[in-house]
Each structure stands twice: as structure tokens, then as C-alpha cells.
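The values are calculated or read from the model by the stated rules, or taken from the named source; none is laboratory data. For clarity, every value in this text was computed on a predicted model and none was experimentally measured. Cβ placement follows ideal geometry from the backbone for every residue including glycine, while neighbour counts extend to all protein chains displayed.
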Amino acid sequence: MKSSNILQKYLRPMFILSLCLLQSCIDKSRTNIHDNTLKIRKSFNWEVPANTRLPYTPDNNPVTEAKFQLGRHLFYDKRLSINESISCSSCHKQSLAFTDGLERSVGLNNEHHTRNAQPLINSAYFSTFTWSNNLLTSLESQISVPLFGDNPILEHGWTAQSFEDVFIPFLQSDSTYQSLLASAFPNQNKTTQQTVIYALASFIRGINAFNSPFDQFENGVSDALTDSQKRGYLLFTNDERFECFHCHSGKLFSDSYRDANMKIFDTPFHNTGLYNLSPQGDYPAESNGLIDVTGRSSDRAKFRTPTLRNIEVTAPYMHDGSIATLEEVIDFYAAGGRNLTSGRYKGDGRQNPQKSQFVKGFSISQQEKEDLINFLKSLTDQSALTNERFSDPWLKE
Ligand code: HEC
Ligand code: HEC
């Protein structure tokens with residue numbers, strides 16, 4: 001039997017099974033979508049294939065094409081920052097899967113963010129948003145952070161008052177926005193903060209892509225992956241040494257996952273041993289993970305598992321961009337954490353007391369490393385990086 005046939009015969013059911021275990025088998029069938037989302041599916045261009053569930057959407061903000069288009073215009077508009085210098089797209093660039101290529105983003109006053117900008121493709125499927133915050137369980141709640149947040153830095157720089165006094169009147173007087181608003185919110189005569197947030201959330205929710213070579217292979221195109229990628233796929237999902245799949249699981253390659261059919265969802269966070277600055281296992285104070293939100297000692301330096309989709313174009317890696325290449329990421333996991341022997345953050349992350357038991361180190365040959373990286377590269381969906389639907393609408397106007 002050829003290796004691709006072996007993969008298709010054994011691996012796919014296993015992939016589905018482990019997904020099922022992780023999500024407690026809420027719905028036993030993955031191919032048969034017997035749900036109430038059929039109408040919603042037809043009413044909007046989700047860019048989600050028929051055999052894949054839709055992302056979770058709150059009842060009070062159903063996605064429509066008009067809201068998506070209003071959100072798209074806002075996302076690419078620098079006038080959405082207090083001094084007209086920054087748009088969402090300054091830090092979220094389509095060609096980089098909506099990341100910015102920096103270790104840590106740069107905000108309104110050239111201040112460095114404490115975190116690496118996250119990709120926005122398929123991000124509506126996460127169960128929590130940002131690198132480590134269990135309270136942000138909807139895009140609607142996340143989006144006020146860049147608009148109004150001042151901790152740690154200013155992104156768009158608004159206060160509720162300045163937004164009301166400056167941005168809302170601008171929206172209402174601009175002819176492009178007047179017509180976009182009228183189509184998106186036909187029954188609403190007042191434009192508010194919430195109008196802007198709902199539209200931006202609808203745009204992000206509509207940015208989906210499931211057509212990478214990996215997806216094509218999953219859908220039966222056996223030559224969509226190279227032989228090296230097929231070997232890497234087996235290593236990633238099925239080799240007990242690596243444990244990648246324990247956390248990078250399911251459709252998103254993340255155990256943080258929620259879709260339109262799920263009533264119960266998990267909000268997992270992990271410590272992978274990047275730093276170890278105290279006997280308790282602290283990371284640098286500016287970004288110490290979930291404990292910053294919950295205050296619980298057991299949440300120290302825990303972060304949400306990032307998606308591995310489009311990982312090839314979202315370097316540098318980790319919540320603070322502190323690992324430059326995929327090769328170094330594999331070396332980091334092979335070592336079972338990061339031992340920094342000098343500098344400000346000197347400490348042996350391998351010994352971090354909060355480190356997940358699944359990051360325990362392993363031996364890997366050069367060939368296996370190449371295969372694993374080549375597999376990760378098969379998760380890039382090139383079409384999403386240029387899809388006009390997600391692109392800057394102002395260029396054409
Ligand atoms: C200054 C750069 C910057 C700007 C401007 C910016 N972002 Fe972000 N974005 C980030 C960073 C950094 C993160 C990670 C934040 C964290 O973990 O605290 C992020 C995270 C996100 C997330 C969470 C994604 C996920 O997977 O959980 C969403 C959604 C998002 N941004 C949307 C937006 C929108 C919409 C705008 C415009 C209103 C915007 N961003 C403006 C840098 C930026
Ligand atoms: C215990 C759960 C867990 C395991 C096991 C695990 N990861 Fe991760 N992975 C994470 C978390 C959490 C992060 C983010 C950590 C941070 O930024 O502090 C991450 C980050 C990454 C990143 C960087 C992503 C980005 O957007 O910056 C890559 C690539 C990656 N992991 C690949 C792998 C591979 C390959 C394996 C197997 C060798 C693996 N992971 C095993 C949880 C895990």
C-alpha cells in the first residue's frame with residue numbers, strides 16, 4: 001500500500017477521533033452537518049466548505065454581507081485612529097495572514113506592544129481571544145481592546161468620549177459610510193460604538209480559508225502533499241515523541257475551539273517553558289500569561305495554543321515574537337523548553353514548574369525535522385493571502 005493510501009485509510013479516522021475526544025464528542029458526526037445553520041450558511045459567503053462547521057456567532061450580531069463590507073472599510077481606514085496614523089491593517093496585513101512581521105507590534109506613539117500580532121484567518125473559531133485572556137470569549141468583546149485600550153499601550157487611541165465626539169460624527173457625515181451604514185444597519189437611526197464593533201467583528205468572522213494543500217489532501221487529493229509533507233503529517237499527528245497534536249488539534253490546529261454547533265466549549269491555556277524567572281516559574285512581567293487576568297497561581301505564564309494554519313508566513317513566533325524561525329521552534333520543543341544562559345531573562349525554561357507535561361523534549365533526526373517543517377508549510381492557504389474579498393476596499397474607490 002502506498003504511504004498516501006495508508007494515511008488516508010488510518011490517519012483520517014484517527015484525526016477525527018482525537019478531535020472528537022477533545023471536544024467531548026458533542027456531535028458525533030463530522031461529515032453530516034444536521035444542524036440549524038443551513039440557512040445562515042446560504043445567506044453569506046463564509047468561505048467555509050460544506051463539510052466544515054460555521055464559526056460561533058452571537059445571536060445579537062448575525063453576519064450579513066453589508067455588515068462585513070462596512071467592517072472591511074473600517075478595518076482598512078486610518079481615520080479609525082485618533083491621529084489618523086493607524087488602521088487595524090497596520091498591524092494585521094493580509095499578505096502575512098494578517099500579522100505584521102514584527103516581534104511585537106508598534107502602536108500609536110511608536111510604543112512597543114508586549115505581544116506579537118495575531119493572524120486573523122479563521123480566528124472566529126477560537127473559544128477565547130488574544131494570547132491569554134479567558135474573559136474575551138467573543139470577537140465583539142475583543143475588538144474594544146485595540147479601539148479603547150490604554151494598557152499597556154495605545155493602539156487606536158480613543159476614549160469613549162472622543163469616539164462619540166469625533167469619530168461618530170465623521171462616520172455620519174462621510175458619504176461612503178452613510179451608504180454603508182444604511183445597508184448594514186437599516187433599522188437603526190443612531191450610530192454608536194457598538195455599530196462599529198459589530199461591523200468589525202462581522203468582517204473578521206467572514207475571513208475564513210480552508211483550502212491549503214493539507215485541506216486538499218484531507219478532501220481526497222492524494223498528490224496535494226509531497227512525500228516529505230506526508231511523512232511530516234504522520235510525525236505530527238501520530239508519533240508519540242512529539243505530542244504536537246495534543247495542543248495543536250482539530251480544524252484550527254489549536255485546542256481553543258468553538259463553532260456554531262457547540263453549546264459547551266473549553267478554554268485551555270498552556271505553559272510551554274519559554275522562560276523561568278522565579279521559583280514559581282514567572283515569565284517577563286510585561287507578559288506573564290493568564291495569571292495577569294485571573295490572579296490564579298496555577299495560570300502563571302499560560303497562553304492560548306496558536307493556530308498553525310498559515311504558520312509559514314506569520315514569523316516571528318510565540319506571544320512575544322521571541323523565536324525567529326520554524327526550525328528554531330522545533331529545536332525549542334526538542335529541548336523541552338528554552339534555557340537562557342545569559343541576559344535579562346536568564347533562566348532554564350525547561351525546569352519551569354508550570355510547564356505542560358506534554359512539552360518534555362525528544363530526539364529528532366534532520367530528515368524528520370525537515371519533514372515536520374514541510375508539513376507545517378502545507379497549512380498555508382495562498383488564496384487567502386490575496387483573496388480580494390478580504391483586501392483593502394479603499395484602493396478601488
Ligand atoms: C498596534 C498594532 C495593532 C493594531 C492597530 C490592531 N491590532 Fe489586533 N492585535 C494586535 C496584537 C499585538 C494582538 C495580540 C493581543 C494580545 O494578546 O494582547 C492582536 C489581537 C487581535 C485579535 C485577536 C485574534 C485572536 O486570535 O485571538 C483580533 C480579533 C484583532 N487583533 C483585531 C483587530 C482589529 C479589528 C483592529 C482594529 C480596530 C486591530 N486588531 C488593531 C495588534 C494590533
Ligand atoms: C502543551 C501544549 C503544546 C504542545 C504539546 C505543543 N505546542 Fe506549540 N504552542 C503551544 C502554545 C501555548 C504556544 C504559544 C506559547 C507562547 O507564546 O508562550 C505554542 C506555539 C507554537 C508555535 C508558534 C505559533 C505562533 O503563531 O507564534 C509553533 C510553530 C508551534 N507551537 C508548533 C508546535 C509543534 C511543531 C509541536 C510539537 C513538536 C508543538 N507546537 C507542541 C502549545 C503547545
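Worth pointing out:
- Qualifying residue in region 271-285 (condition: within 19 Å of the chain's Cα centre (by Cα), touching a residue at least 40 places away in the same chain (Cβ under 8 Å) and buried (at least 21 other Cβ atoms within 10 Å of the Cβ)): yes
- Filter pass, R304 being surrounded by 15 or more Cβ atoms within 10 Å (Cβ to Cβ), closer than 14 Å to N134 by Cβ and charged (D, E, K, R): yes
- Selection within region 253-312 - of a type in the set (D, E), within 23 Å of T137 (Cβ to Cβ), part of a helix (DSSP H, G or I) and out of contact with any helix residue (DSSP H, G or I) (no Cβ under 7 Å at 6 or more places or on another chain): D292
- Against the numbered list (1) aliphatic (A, V, I, L, M); (2) farther than 20 Å from R241 by Cβ; (3) away from ligand 1 (no atom under 16 Å from the Cβ); (4) out of contact with any Lys or Arg (no Cβ under 7 Å at 6 or more places or on another chain), V313 comes up short only at (3).
For (1) loosely packed, with under 14 Cβ neighbours inside 10 Å; (2) at pLDDT below 90, each residue gets a yes or a no:
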residue	(1), (2)
L38	yes, yes
R41	no, no
K67	no, no
E84	yes, no
S87	no, no
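- Hits in region 100-122 (condition: closer than 21 Å to P284 by Cβ, within 13 Å of ligand 2 (Cβ to nearest atom) and not charged (D, E, K, R)): L102, T114, N116, A117, Q118
- Close contacts from region 340-363, counting a first residue that is on the phi > 0 side of the Ramachandran plot and in a loop (DSSP other than H, G, I, E, B) and a second that is modelled with pLDDT of 95 or more and more than 10 Å from ligand 2 (Cβ to nearest atom), with Cβ to Cβ under 6 Å and a gap of 6+ residues or different chains, come to G361/A335; G361/G336.
- A single entry from E84, E140, E155 fulfils the requirement of being among the charged types (D, E, K, R) and in a helix (DSSP H, G or I): E140.
- Only one of the numbered conditions (1) within 14 Å of ligand 2 (Cβ to nearest atom); (2) under 22 Å from D381 (Cα atoms) is not met by Y125, and that is (1).
- Residue within region 146-154 that is farther than 21 Å from E312 by Cα, of a type in the set (V, I, T) and modelled with pLDDT under 90 present: yes
- So F265, is it surrounded by fewer than 21 Cβ atoms within 10 Å (Cβ to Cβ) and within 16 Å of ligand 1 (Cβ to nearest atom): yes
- Any helices (runs of 4 or more DSSP H) falling wholly within region 194-252 and containing at least 1 residues that are out of contact with any helix residue (DSSP H, G or I) (no Cβ under 8 Å at 6 or more places or on another chain), in contact (Cβ under 8 Å) with a residue 60 or more places away in the chain and within 16 Å of ligand 2 (Cβ to nearest atom): 244-247
- Scanning region 120-137 for residues that are among the small types (G, A, S), in a loop (DSSP other than H, G, I, E, B) and either in contact with a strand residue (DSSP E or B) (Cβ under 8 Å, 6 or more places away or on another chain) or at positive phi (or both) returns a single hit, S132.
- In summary, L379 fulfils each of the numbered conditions (1) within 30 Å of W46 (Cα to Cα); (2) assigned to a helix (DSSP H, G or I) with the single exception of condition (2).
- When region 116-154 is filtered for residues that are touching a residue at least 40 places away in the same chain (Cβ under 8 Å), within 8 Å of ligand 1 (Cβ to nearest atom) and in contact with a Lys or Arg (Cβ under 9 Å, 6 or more places away or on another chain), the ones remaining, listed by number, are N116, P119, S123, F126, T128, T130, W131, S132, N133, L139.
- Residues of region 362-397 that are more than 14 Å from K230 (Cβ to Cβ) and among the basic types (K, R): K369, R389, K396.
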